[in-house]
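**Q** Take a look at the following structure, please.
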Amino acid sequence: MKILSAAQMSWVDQQTMKDQEVSSLDLMERAATTVFDEIKQLYPRLAQYTFYIFCGKGNNGGDGLVLARLLDQQQAQVNVYLVDATDYSTANLANQKRLSAHLIQKISPDTQVHIPAGAIVLDCLFGYGLKRPLAEEWRSLITGINCCTGPIYAIDMPSGLLSDGPTAAEAPVIQADVVYTFQSPKLGLLMPGNSRWAKAFRVLDIGLSRSALEQVDTIFHYIDLALLGPFYRKRSKFDHKGTFGHCLIIGGSRGKMGAVQLALKAALRSGCGLASAYIPSCGYTSIQTAVPEAMVISDPEEEMITQFPDTRTFQSIGVGIGMGTAQYTIDAFKVFIMQGLDTALVLDADALNILAQDRDLWQFVPKGSILTPHPKELSRILGTWQNDFEKLEKVKAFAEEYQLYILIKGANSAIVTPDGTVYFNSTGNVGMATGGSGDILTGILTALLGQGYSSQETLIMGVYLHGRAADIAVQTLGVYSLLPSDIISHLPAAFLELEKQS
Ligand SMILES: NC(=O)C1=CN([C@@H]2O[C@H](COP(=O)(O)OP(=O)(O)OC[C@H]3O[C@@H](n4cnc5c(N)ncnc54)[C@H](O)[C@@H]3O)[C@@H](O)[C@H]2O)[C@@H](O)CC1
Ligand SMILES: [K+]
């Protein structure tokens, strides 16, 4: 799914009106009705609820006015607070007239509101039309709304949050529990730093022109099953284990052998033909016992890796998890990486930490390799950043310079390709914030790469399935109790979904 800027959304809205011969008023009715349907699902007995609907002067406010009318028709208690203005949009004005005047109260940006307990707030002050951060005069209204005890649903965007650029941490912004955004996710909703304003969002299809959506060119994409379908390979009965690659996980150190076990199991659950590990010899028995399907080669040293194996017979290699940064390991890793491998690697954890300490090493990392740093590892590589947008730019420049694929881990993990395209993930949950989740991702990615998927396909598919397996798992296990191993045991369900959709 494409992620569109405010300007692109506006263009698609205009094109839709032309292509479908509908007015702005019709589109607004359509958009507001999709939100109304969502709200009705959440609160089937609408007549029992009170809604506080805050409307601005533009079309976002117009959506709010339509919602007020639809809710009023269902006997919900409706209180509309409309920002006083002289320049309402045409569709906004038309919808003011369609609503009983007694429901509307005019307010100004500095009005202080008090919302009673139990009321539901709909935020329709500003959508993608917000051009710059809200001025200080809005603070009292926004703060008053944010102080409500009930849920806040924002329409299209939390008011005050910019769609396409950074919003200052101290800016007045609505803190939405759920954002119902139209047709395409907006960049501002995907940035982890904005999560206190957009705790969750849902993309609602309002039937905007397909041809206009296809024509829009963007480097930003949101991963869904439809994106995976075209490159997911169904298996044929003539395939054999040699077809699916032999993958190698290099890592582990005394006390951190579990990382390798998790990666191996995840690789085997992700369809690799053969899985092997290269580890310090103290882990030999535990890995052979825990993962009987895998093969193990051990380093002569007990506690740490001191040399790297000949990797020419493997189709893919994942390096770094649980590996540690003992000097012997650092020296061995440097020799390994500087030999000039021609196979793309999956690099995680201590492989990244070693590379981060010596910028001269990056030139030796095979082009097309996949890096999966968590935020701390990423800042060791790139230094600091002011906001998520600047972070993205830094990652893009680095990915291009060294022709690497970089995954920025977090909620909505972002995949950055060497040509600057960015894919945001749509799956995953907070239950994954436990040590070991990343080791599983390394296993999945190494397995997919070894099966012949390109680095880009590997990342899109691997990151999606990793999150999806966790999403399926939390349905029965919950976010507190989810263990990384549960992600592995739910990988089959995630693969089955993909198989069915393809
Ligand atoms: N036909 C359409 O264009 C449709 C638009 N829709 C809704 O319309 C919204 C976009 O509508 P608009 O383009 O009217 O924009 P908005 O309603 O988001 O806001 C625009 C108004 O805010 C003012 N403004 C911008 N930045 C400001 C700031 N920092 N401080 C104070 N005022 C500021 C602008 O001058 C303008 O009057 C979408 O988010 C969506 O909710 C939907 O109804 C679907 C159809
Ligand atoms: K809004």
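The values are calculated or read from the model by the stated rules, or taken from the named source; none is laboratory data. These figures come from a predicted structure and were not determined experimentally. Neighbour counts run over all protein chains shown; Cβ positions are idealised from the backbone, glycine included. What goes into the accessible areas is simple: the full protein's heavy atoms, side chains included, and nothing from ligands, DNA or RNA. Shrake-Rupley method; radii C 1.70, N 1.55, O 1.52, S 1.80 Å.
**Q** Does segment 49-56 contain any residue that is in contact (Cβ under 8 Å) with a residue 12 or more places away in the chain, within 10 Å of ligand 1 (Cβ to nearest atom) and in contact with a strand residue (DSSP E or B) (Cβ under 8 Å, 6 or more places away or on another chain)?
**A** Yes, some residue in segment 49-56 is in contact (Cβ under 8 Å) with a residue 12 or more places away in the chain, within 10 Å of ligand 1 (Cβ to nearest atom) and in contact with a strand residue (DSSP E or B) (Cβ under 8 Å, 6 or more places away or on another chain).
**Q** Further question on the same structure: Just name the residue that is surrounded by the most Cβ atoms within 10 Å (Cβ to Cβ) out of those in segment 46-97 that are under 34 Å from the mean Cα position of the chain (by Cα) and in a loop (DSSP other than H, G, I, E, B).
**A** Among residues in segment 46-97 that are under 34 Å from the mean Cα position of the chain (by Cα) and in a loop (DSSP other than H, G, I, E, B), the one surrounded by the most Cβ atoms within 10 Å (Cβ to Cβ) is GLY56.
Residues are listed down the side, and each one gets a yes or a no for (1) under 27 Å from GLN456 (Cα atoms); (2) at pLDDT 95 or above; (3) of a type in the set (A, V, I, L, M); (4) within 15 Å of ligand 2 (Cβ to nearest atom):
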residue: SER163; (1), (2), (3), (4): yes, yes, no, yes
residue: THR181; (1), (2), (3), (4): no, yes, no, yes
residue: LEU190; (1), (2), (3), (4): yes, yes, yes, no
residue: GLY193; (1), (2), (3), (4): yes, no, no, no
residue: ARG202; (1), (2), (3), (4): yes, yes, no, yes
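**Q** Continuing with this model, one more query. Hand me the list of helices (runs of 4 or more DSSP H) wholly inside segment 390-502 holding 1 or more residues that are in contact with a Pro (Cβ under 6 Å, 6 or more places away or on another chain).
**A** It comes to 437-450.
**Q** Determine whether VAL291 is closer than 21 Å to CYS247 by Cβ, of a type outside the set (Phe, Trp, Tyr), touching a helix residue (DSSP H, G or I) at 6+ places or on another chain (Cβ under 6 Å) and touching a residue at least 12 places away in the same chain (Cβ under 8 Å).
**A** yes
**Q** Just give me the residues in segment 483-499 being under 21 Å from the mean Cα position of the chain (by Cα) and touching a residue at least 24 places away in the same chain (Cβ under 8 Å), in sequence order.
**A** Filtering segment 483-499 for residues under 21 Å from the mean Cα position of the chain (by Cα) gives 483-484, 486-488, 490-491, 493-495, 497-498.
Answer for segment 483-499, where residues must be under 21 Å from the mean Cα position of the chain (by Cα) and touching a residue at least 24 places away in the same chain (Cβ under 8 Å): LEU483, PRO484, ILE487, ILE488, LEU491, ALA493, ALA494, PHE495, GLU497, LEU498.
**Q** Which one is nearest to GLN183 (Cα to Cα), of the residues in segment 33-45 that are in a helix (DSSP H, G or I) and either among the hydroxyl-bearing types (Ser, Thr, Tyr) or open to solvent by 30 Å² or more (accessible area, probe 1.4 Å) (or both)?
**A** Looking at the filtered set, the residue picked out is THR34.
**Q** Kindly indicate which of LEU161, LEU130 is open to solvent by less than 10 Å² (accessible area, probe 1.4 Å) and in contact with a Leu (Cβ under 9 Å, 6 or more places away or on another chain).
**A** The unique qualifying residue is LEU161.
**Q** Quick test of your reading of the structure: PHE336 fulfils all but one of (1) without any contact (Cβ under 8 Å) to a residue 12 or more places away in the chain; (2) in a helix (DSSP H, G or I). Name the failing condition by number.
**A** The one condition PHE336 does not meet is (1).
**Q** Inspect all residues belonging to segment 235-245 and state whether any of them is under 28 Å from the mean Cα position of the chain (by Cα), surrounded by fewer than 22 Cβ atoms within 10 Å (Cβ to Cβ) and in contact (Cβ under 8 Å) with a residue 60 or more places away in the chain.
**A** Taking every residue of segment 235-245 in turn, none turns out to be under 28 Å from the mean Cα position of the chain (by Cα), surrounded by fewer than 22 Cβ atoms within 10 Å (Cβ to Cβ) and in contact (Cβ under 8 Å) with a residue 60 or more places away in the chain.
**Q** In addition: Test of understanding: among ILE120, ILE142, which residue is more than 15 Å from ligand 1 (Cβ to nearest atom), among the hydrophobic types (A, V, I, L, M, F, W, C) and either open to solvent by less than 20 Å² (accessible area, probe 1.4 Å) or assigned by TED's automatic domain parsing to the domain that holds THR33 (or both)?
**A** ILE120
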